[in-house]
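**Q** Sharing a structure with you now.
Just so it is clear, none of the values below were taken in a lab; they were calculated from the coordinates. Every value quoted in this text rests on a predicted model; they were computed, and no experiment measured them. Please note: Cβ atoms are built from the backbone with ideal geometry, for glycine as well, and neighbour counts cover all protein chains shown.
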């Protein structure tokens, strides 16, 4: 299998799509086909595999032989989703980057309309401004049967709550819908090992030191199935009760990932944050060492909350 193929015609690609795979043979062909049939085709696809044991590498080789001018393969080796995307980001060279999961299907105009939204922001703020654009998704089942036309509304997530005190405990933009520019990557990379995920880290940087644009259109068919790293679900009372069965320790451990990421963020960008954000991130360093009421005072004082009543009840109850 080829690795690190040059761009078509020797010109550097203006957009690279970063695709992380792992045991992806069930859905990968549909995803690749949906990218390769976009109505805007001026891009490269960078693929890295996380150590698949199924036929994923064979499928990648098949597509690379058909499209050697578009597809670069960066190799395969054991890696988490975060590590896989971080490696792809480190290898990327284009001024604009999009991310692709291995099991979605893209709408035919996803690249074009996301780029159009980015150009609007670039015209207003300049290419030197860190910019992130994200869109909505539709939720489908394994066979692409519709579950919801809006993933954000299905999950009761407010797409406009993009301040740091909200984002540290709940990411809003999904990585499979976002586009970021080089100015943001230059500021955000490398993604630290303490990050929850690459998209969450990039969102924190864009929210505090750049601009975020939202396009209220579903550009992706998001497959909801048992192998999702992070699935889509409606956070209602039944979901709250199901989460309760995990036990407090598991719930707190997951929340601690958000805290660890926030603390790392505060350390790296200590000189670039406003007074209140710096104070909030400093308080979070001692979050788990504080008593029951001390932790809740931090959440209340800095307006740290999530979208939806039951999520906030859960956060106040379990942390």
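**Q** Arranged by the count of other C-beta atoms within 10 angstrom, fewest first, what order do 43, 27 take? Show your work: numbers first, answer last.
**A** Values: 43 22, 27 18.
Ascending number of Cβ neighbours within 10 Å: 27, 43.
**Q** Antiparallel versus total DSSP beta bridges in segment 8-223: what percent is that, nearest 5? Spell out each step's value before the answer.
**A** Details: 9 of 33 bridges.
Of those bridges, close to 25 percent are antiparallel.
**Q** Run the numbers for residue 42 and residue 93: contour at 0.36 nm per residue of separation, minus the present Cα-Cα distance, in nm.
**A** This chain segment gains 16.9 nm when fully extended.
**Q** What FRET efficiency do you get for residue 285 and residue 80 if R0 is 25 Å and r is their Cβ-Cβ distance, rounded to the nearest 0.05? Spell out each step's value before the answer.
**A** Values: r = 25 Å, r/R0 = 1.00.
For R0 = 25 Å, the calculated efficiency reads 0.50.
**Q** Within 10 Å of each residue's Cβ, count the other Cβ atoms and sort 217, 133, 139 from fewest upward. All intermediate terms of the calculation are to be shown ahead of the outcome.
**A** On the way: 217 17, 133 28, 139 24.
The most exposed by this proxy come first: 217, 139, 133.
**Q** Okay, moving on. Run the numbers on the chain and let me know its relative contact order in percent, using alpha-carbon pairs under 8 Å that are six or more apart. Don't skip to the end; give the middle numbers.
**A** Details: 554 pairs, mean separation 57.3, N = 319.
Relative contact order here is 18 percent.
**Q** Just want to confirm a number: the relative contact order over segment 17-71, from Cα pairs under 8 angstrom separated by 6+ residues, in percent.
**A** Working: 55 pairs, mean separation 27.1, N = 55.
It comes to 49 percent, rounded to a whole number.
**Q** Quick one: grab Rg to one decimal and Dmax as a whole number for segment 48-179, Cα atoms only, in Å.
**A** 16.8, 47
**Q** Any idea what angle helix 275-284 forms with the longest principal axis of the chain, computed on alpha-carbon atoms, 0 to 90 degrees, nearest 10?
**A** 80
**Q** Starting from the Cα coordinates of the chain, work out the convex hull volume and express it per residue in Å³.
**A** Numbers: hull volume 42.3 nm³, N = 319.
Taking only Cα atoms, the chain has a hull volume of 133 Å³ per residue.
**Q** Considering every Cα-Cα pair within segment 237-318, what fraction, in whole percent, is farther apart than 21 Å?
**A** Summing the P(r) tail past 21 Å for segment 237-318 gives 32 percent.
**Q** Cα axis of helix 56-66 to longest principal axis of the chain: angle in degrees, 0 to 90, nearest 10?
**A** Helix 56-66 sits at roughly 40 degrees to that axis.
**Q** Then there is this: As I understand it, the value is the acute angle between the Cα axis of helix 81-91 and the longest principal axis of the Cα atoms of the chain; what does it come to in degrees, rounded to 10?
**A** 60
**Q** Quick one: among 301, 107, 211, which has the greatest mean-square fluctuation in a GNM of the chain with alpha-carbon springs under 10 angstrom?
**A** 301
**Q** Could you state the number of Å between the C-alpha centres of segment 253-284 and segment 69-120?
**A** Taking the Cα centre of segment 253-284 as reference, the centre of segment 69-120 is 27 Å away.
**Q** On average, how much area does the Cα convex hull of segment 105-155 cover when viewed from any direction, in nm²? Could the numbers behind the result be given before it?
**A** On the way: hull surface 18.1 nm².
Quarter of the Cα hull surface area: 4.5 nm².
**Q** Quick one: order 311, 26 by neighbouring beta-carbon count within 10 Å, fewest to most.
**A** Numbers: 311 20, 26 16.
So the residues, fewest neighbours to most, are 26, 311.
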